Amino acid sequence: MKRILSFLFFISICLAFFSSCSSPTDEGFSIVAVNFPAYDFAKNIVGDKGTVTLLLPPGGESHTYEPTAKDVIRISECDLFIYTGGENDVWIEDILSSLDKKPQAVKMMDFVEIHHEEEHEHTDSHSHKIDEHIWTSLKNSVKIISGLSEHISAVDSKNAKYYHSNAETYINKINRLDKDFEEMFKNAKRNTIVVADRFPFTYFVNDYGLKHYSAYHSCSEDAEPTPKIIAELIDTVNNEKIPLIFHLEFSNKTVATAVSEDTGAELKELHSCHNITKQQLDDGVTYLDLMKQNYKTLKEAVYL
């Protein structure tokens with residue numbers, strides 16, 4: 001990422017000059033969202049009153065994403081730019097600071113309490129990085145949507161009532177699902193989940209008091225898990241008779257498959273909602289859809 005920042009700084013200066021000669025409002029109210037949760041929340045708030053563009057390509061990995069010149073143009077020309085605001089968004093701060101004509105920008109992290117990635121079971125790591133996957137908590141998502149509706153309404157005040165109404169509708173749906181999760185875990189046979197993969201669910205497990213095991217300390221960890229960690233995961237699944245374990249979306253499933261084959265536990269996807277496929281985007285899949293699917297698979301894991 002660092003090797004392209006100087007180039008992006010130069011090109012963003014040039015693009016800022018170009019964009020200052022045009023008016024983004026000529027084509028209506030526009031929002032650019034850095035990842036899928038931001039895109040989905042904004043789209044549900046804005047409805048048919050504006051356009052929302054997803055910056056991260058469908059199927060792309062945010063930790064290795066490198067912005068293009070076209071991305072910089074999109075950011076410089078939009079009316080509102082939404083991003084997470086964590087360590088992985090340093091390149092965004094560089095771009096925004098280089099633009100003469102800056103869009104309104106909002107960080108989703110500003111709306112919630114930030115947690116550090118926990119010391120999970122079966123890990124030799126002792127880092128305490130900030131967990132940026134704030135949207136894995138339905139409770140956080142409600143706060144983010146409420147905050148975004150205020151910012152969107154401030155930028156496009158003539159449609160504020162419409163935006164607030166849409167936000168309230170979506171929030172009510174998310175709150176209902178949150179209650180379903182609470183009820184499910186309250187009556188579950190077990191409160192332990194195993195994610196034999198990277199772990200972006202700190203906020204989620206904290207919400208419901210779940211015990212959890214993972215192959216990696218965090219979602220962004222590069223080092224492969226040691227044989228010891230994998231062996232301990234296998235022992236946990238066997239000893240606690242866990243019938244179902246999880247992998248992430250877009251995962252190569254190497255570790256998860258090994259644990260599944262050695263224990264006989266069924267392997268299913270637990271979606272972090274960070275990004276979706278092109279087909280899912282075309283089909284209009286929402287954050288709420290993905291979390292409902294998580295509800296179904298987690299119910300199998302804790303009730304069987």
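The values are calculated or read from the model by the stated rules, or taken from the named source; none is laboratory data. Owing to the predicted nature of the structure, the values given are computational and were not obtained by experimental measurement. Using ideal geometry, Cβ is built from the backbone for each residue, glycine included, and neighbour counts are taken over all protein chains shown. The protein model used for the area step is the full one, side chains on, heavy atoms only, and it has no ligands, DNA or RNA in it. Shrake-Rupley method; radii C 1.70, N 1.55, O 1.52, S 1.80 Å.
Scanning region 162-206 for residues that are touching a strand residue (DSSP E or B) at 6+ places or on another chain (Cβ under 6 Å) and either part of a helix (DSSP H, G or I) or free of Cβ contacts under 8 Å to residues at least 12 places away in the same chain (or both) returns a single hit, 205.
When region 59-102 is filtered for residues that are part of a loop (DSSP other than H, G, I, E, B), open to solvent by 20 Å² or more (accessible area, probe 1.4 Å), closer than 30 Å to residue 251 by Cβ and of a type outside the set (Asp, Glu), the ones remaining, listed by number, are 59, 60, 62, 63, 64, 65, 68, 85.
Counting only residues that are within 17 Å of residue 104 (Cα to Cα) and touching a His at 6+ places or on another chain (Cβ under 6 Å), how many does region 126-177 have? Residues that pass the stated criteria total 1.
In this structure, is residue 286 over 22 Å from residue 132 (Cβ atoms), open to solvent by less than 50 Å² (accessible area, probe 1.4 Å) and touching a residue at least 24 places away in the same chain (Cβ under 8 Å)?
In short, no.
Under the condition of being over 30 Å from residue 226 (Cβ atoms) and basic (Lys, Arg), the residues counted in region 167-215 number 5.
Within region 31-58, the set of residues being outside any strand (DSSP E or B) and open to solvent by 40 Å² or more (accessible area, probe 1.4 Å) comprises 43, 44, 48, 49, 57, 58.
Looking only at region 207-226, decide whether some residue is assigned to a helix (DSSP H, G or I) and open to solvent by less than 20 Å² (accessible area, probe 1.4 Å). Checked against the condition, which is being assigned to a helix (DSSP H, G or I) and open to solvent by less than 20 Å² (accessible area, probe 1.4 Å), region 207-226 yields no hits at all. Applying the condition of being of a type in the set (Asp, Glu) and either in a helix (DSSP H, G or I) or within 18 Å of the chain's Cα centre (by Cα) (or both) to region 126-161 and asking which residue is nearest to residue 85 (Cα to Cα) yields 132. Only one of the numbered conditions (1) under 30 Å from residue 167 (Cα atoms); (2) open to solvent by 20 Å² or more (accessible area, probe 1.4 Å) is violated by residue 232, and that is (1).
Pull up region 252-278, narrow it to residues that are of a type in the set (S, T, N, Q) and either without any contact (Cβ under 8 Å) to a residue 12 or more places away in the chain or surrounded by 16 or more Cβ atoms within 10 Å (Cβ to Cβ) (or both), then point me to the one that is nearest to residue 139 (Cα to Cα). By that ranking, first place goes to 272.
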